[in-house]
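Beneath this line is the structure, given in structure tokens, with notes to follow.
The values are calculated or read from the model by the stated rules, or taken from the named source; none is laboratory data. This structure is a prediction, so every number in the text was calculated from the model and none was measured. Because the Cβ atoms are built from the backbone with ideal geometry, glycine has one as well, and the counts that use them run over all protein chains shown. Ligands, DNA and RNA are excluded from the accessible area calculation, which covers all protein heavy atoms including side chains. Shrake-Rupley method; radii C 1.70, N 1.55, O 1.52, S 1.80 Å.
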Amino acid sequence: MMPVPLLIKNGRIIDPANNVDGVRDLLIVDGCITDSATAIPSDVEKIDASGCWVVPGLIDMHVHLREPGEEYKEDILSGTRASAAGGFTAVACMPNTKPVNDSRAVTALILSQATKADARVYPIAAISKNSQGSALTEFGELKATGVVAVSDDGLPVRDSQLMRRALEYAADHGLLVISHSEEPSLSKGVMNEGIISTRLGLKGIPTAAESIMVYREIALAECLGKRVHIAHVSTAMSTELIRSAKARGVRVTAETAPHYFTLTEEAVMGYNTNAKMNPPLRTEQDRQAIRQGLADGTFDAIATDHAPHSILEKEVEFDRAMNGIIGLETSLPLSLALVREGVLDENKLIKLLSMNPARILGVEGGTLSAGARADITVINPDLQFTYTEEQVVSKSRNSPFLGEKLQGRAVYTIMGGRITHRLAA
Amino acid sequence: MTTGYFFSHRHILDIEHLSADDIDYILTTAESFKEISARPIKKVPTLRGNTIINLFFEPSTRTRLSFEIAAKRMSADTFNISASTSSATKGETLIDTARNISAMNPDIIILRHSFSGAPHMLSQYVNAAVINAGDGTHEHPSQGLLDMLTVREHKKRLNNLKIAIIGDILHSRVAHSDILGFLRMGSEVFVYGPGTLIPPGLKELGVTVCSTMKEAVQDADVVMTLRIQKERQNDPLLPSFREYASKYGVTAQVASWARPDALIMHPGPINRGIELMPDVADGTQSVILDQVTNGVAVRMALLYLVTGNS
Ligand SMILES: [Zn+2]
């Protein structure tokens, strides 16, 4: 059943893929964006987008949906409802489910649940069987079933030879390899290593734990001529490594997350388990370097690493608490702050949140071209709100931003012409 | 003491959040309690009717005994619960335990826990006052206070002293409390130990990290040695205790670099012959047993103050 035609009126269309930035109407018929010559049907539903931005649907290339296995934290339906509420029309989900998505059966299960979901779900399969780092998964069959990338996210690939083989074999199948860059022998801590870890008596993780592995991936990609994507970059040194690799022409892309450009390790003070994540929140100097990397194009994407955990896993001693925070519903307002603060312009922001993730993953979307599937986000960049526990759509509440005043959010999220989120006026 | 001072802490979770006035007040209160322990009948009715729970998730005979004696000398009813940290893996979380104990309406919970921040968390879930009896590698505030009381007794002041702390700073909650306490009172803190056991950020706290033993100990008023925790040696932190003893152990020669009236201190129990040589531990400058005596007085003061008696 096709959704009714939609006419989005008076919005500021920001479409970096077509170099468009200007106020005009956008007509959606049969779930697709029409060209300007198309006549407006009589049964059209009108959306007033005055004062709003109309952008290609946001794409989060790094989320954890917890299904199968830990549906008490999140499932595909609740996770995609949270996606829609945050302005995302598509998400790529990491394979560290229970069981791990290392087989056609798990991929197929995710895709079948996703047919009822409020966002497109692109499964990412494990690089190695059960993410144990010893044997490659069947990239060819997984790709044929519908995965868009491979990653052992949550765990680093310890064995450099296995990583090398993954980069080579993934290229044969047109799959992206996403690296969770962490040198495991250095990362046995629970927060960033520095004065705050000393003061709190918590075991620290030095920034070198990340940069050593980032450099390994760059070295492999460079020497093999293959492509690699670095997930959730958190440090100044990693940013610099990626910047200089790109300048040499290495086929490396990278993402960072809103918490790394918004928060520092200070958020852990008072043993706040909602600020415990991996990689950990770093210093102000790292935060500034991440912002610089966003401004100069070192980073290709903003991804949330949405990691839902129930209160059972967070309301415990800091050492015992699970890593990660939810992020789908706060990513857009936190990212919009970069525009207000002059770090990015609107065009660059939409590239980071939509166009580039689509291109890196090799999926549809990221554009408002005529004929394209109508995945669209309507953003009110000025709307102020307090992010409270009651309004969280995700099943989990593990966010360090609860109680914060945020500005800017999605007022409509449209997937294939269907409205998946409409902010109550 | 400033006029109009009053002790406003409901819990004693760390030294970090105590002001110089707070520390001064606690130590003065402790001094006034010392005399009770010297009486033939070592008991006052001050905390009669109060219920105090020693909740120890990590074994510590000394600290627990010290708190228990302190409580009993003030006529409180004390109960000891020794729990294994692994009990949480059997399903009961620290918060469950806290809620259960809280339901029995204790006045004070003294918590020893192997995870840093556990007392902070506990304090958010119980009505009782919480006293941190050592958490992970974070702090051990009552030990820091008894160290300061011992130094104050002997030196008649806590400012303008050179405090040398030698050994495993990284894992020592005692060292963390001492560093914060002595700095807060206006003294200088010098540390020396193997690079693997010196945590980052000490300079930002105002500590002088020394590269030789002599630099740390020279003209010191206090030489504080720390226990090397043999159980921590799964991480390659030290090649051997033999080498540690020769490079970082406090010998008579090392002690001679300090001021002639310098105090030799150790939080106990001592690895004799490793971090501290027996002749120094038992020498005339050693105040190690004074520390133990003062521990009871400081803990009496803390119990008294957190029950609202200021
Ligand atoms: Zn990861």
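Remarks
- Nitroxide proxy distance, nm - points 7 Å out along Cα→Cβ at residue B:231 and residue B:282: 2.8
- Each pair of Cα atoms in the stretch A:227-349 enters the Kirkwood radius, and Stokes-Einstein at 10 °C and 1.306 mPa s then converts it into a translational diffusion coefficient of 106 µm²/s.
- Burial here means at least 40 square angstrom less accessible surface with every protein chain in place than with the chain by itself, probed at 1.4 Å; in the stretch A:294-317 the buried residues are A:315, A:317.
- Where N is the number of residues in the stretch B:224-310, Cα Rg divided by 2.2 N^0.38 Å: 1.36
- Eigenvalues of the alpha-carbon gyration tensor of the stretch B:81-215, scaled by 5 and square-rooted, set the equivalent ellipsoid semi-axes at 33, 18, 10 angstrom, largest first.
- Using only alpha carbons, chain A has a radius of gyration to Kirkwood radius ratio (Rg to Rh) of 0.95.
- Taking every alpha-carbon pair in the stretch B:104-166 and binning the separations at 10 Å intervals from zero gives 20, 37, 25, 16, 1 percent.
- Theoretical ellipticity at 222 nm over chain B - DSSP helices of four or more residues, -39500 (n - 2.57) apiece, nearest 500: -11000 deg cm²/dmol
- Here, P(r) means the percent of Cα pairs in each 10 Å bin from 0 to the largest distance; for the stretch B:37-128 it is 16, 46, 29, 8, 1.
- Dimensions (Å) - the stretch A:158-229, Cα atoms, principal axes, largest first: 49, 17, 17
- Annotation for the stretch A:79-143: trypsin sites (Lys or Arg not before Pro) lying in DSSP loop with at most 12 further Cβ atoms inside 10 Å of their Cβ are A:116.
- Range in chain B, longest, excluding exposed trypsin sites (Lys or Arg not before Pro) [loop by DSSP; at most 16 other beta-carbon atoms within 10 Å]: B:158-310
- Computed label-point distance, nm, for sites residue B:253 and residue A:288 using a 7 Å Cα→Cβ extension: 4.7
- Rg over Rh, two decimals, chain B (C-alpha only, Kirkwood Rh): 0.96
- Hydrodynamic estimate: the Kirkwood radius of the stretch A:75-191 over Cα pairs, inserted into Stokes-Einstein at 10 °C and 1.306 mPa s, corresponds to D of 108 µm²/s.
- Of the trypsin sites (Lys or Arg not before Pro) in the stretch A:192-259, the ones in a loop by DSSP (not H, G, I, E or B) with at most 13 other beta carbons within 10 Å are A:248.
- Relative frequency of Cα-Cα separations exceeding 26 Å in the stretch B:161-310, percent: 25
- Exercise: per-residue mean of other protein chain Cβ atoms within 10 Å, A:190-199: 5
- On Cα atoms only, tilt of A:208-224 relative to the major axis of chain A in degrees: 70
- Taking the empirical scaling 2.2 N^0.38 Å for compact globular proteins as reference, the stretch A:80-124 has a Cα radius of gyration ratio of 1.14.
- Share of carbon and sulfur in the accessible heavy-atom surface of the stretch B:29-102 [1.4 Å probe, %]: 54
- Diffusion constant of the stretch A:1-111 at 25 °C, which comes from Stokes-Einstein with the Kirkwood Cα-pair radius and 0.890 mPa s, µm²/s: 149
- Taking Cα centre as origin and charging only the Cβ of basic (Lys, Arg, +1) and acidic (Asp, Glu, -1) residues, the dipole magnitude of the stretch A:295-425 rounds to 460 debye.
- Rounded FRET efficiency, nearest 0.05, which uses the C-beta distance separating residue B:103 from residue A:312 and R0 of 22 Å: 0.60
- √(5λ) per eigenvalue of the Cα gyration tensor, the stretch A:286-362, largest first, Å: 28, 15, 12
- 222 nm mean residue ellipticity, helices alone, for chain A (DSSP H n ≥ 4; -39,500 (n - 2.57); rounded to 500): -8000 deg cm²/dmol
- Across A:64, A:259, A:173, mean-square fluctuation computed from a Gaussian network of chain A (C-alpha pairs under 10 Å connected) peaks at A:173.
- Solvent-accessible area of residue A:35 with every protein chain in place, 1.4 Å probe, in Å² to the nearest 10: 80
- Taken along its principal axes, the alpha carbon cloud of the stretch B:138-177 reaches lengths of 30, 19, 12 Å, longest axis first.
- For the stretch A:216-268 versus the stretch B:150-218, the gap between their alpha-carbon centres in whole angstrom: 39
- An ellipsoid equivalent to the stretch A:179-295, defined through the eigenvalues of its Cα gyration tensor, has semi-axes of 26, 15, 10 Å when rounded to whole angstrom and sorted largest first.
- Modelled spin-label separation between residue A:219 and residue A:423, with each label point placed 7 Å from Cα along the Cα-to-Cβ direction: 4.7 nm.
- Split the accessible area of the stretch A:314-361 by element, probe 1.4 Å, and carbon with sulfur accounts for 43%.
- At R0 = 51 Å, FRET efficiency that the Cβ-Cβ distance of residue B:65 and residue A:135 yields, to 0.05: 0.40
- Cβ-Cβ FRET estimate between residue B:203 and residue B:20, R0 fixed at 25 Å, reported to 0.05: 0.70
- Take the accessible area of A alone and of B alone, subtract that of the pair with a 1.4 Å probe, and the total buried over both chains is about 1700 Å².
- Euclidean distance of C-alpha centroids, the stretch A:295-318 and the stretch B:116-146, integer Å: 29
- Residues losing 30 Å² or more accessible surface upon assembly, the stretch B:169-200, compared with the chain by itself, 1.4 Å: B:200
- Integer Hz, Karplus 6.51/-1.76/1.60 couplings in order for the stretch A:198-204, x for Gly and Pro: 5, 5, 8, x, 10, 6, x
- A convex hull fitted to the Cα coordinates of the stretch A:287-425 yields 142 cubic angstrom per residue.
- Loop trypsin sites (Lys or Arg not before Pro), the stretch A:310-396 (other Cβ atoms within 10 Å of the site Cβ: 14 or fewer; DSSP): none
- Over all orientations, the protein assembly as shown has a Cα convex hull whose mean projected area works out to 35.5 square nanometres.
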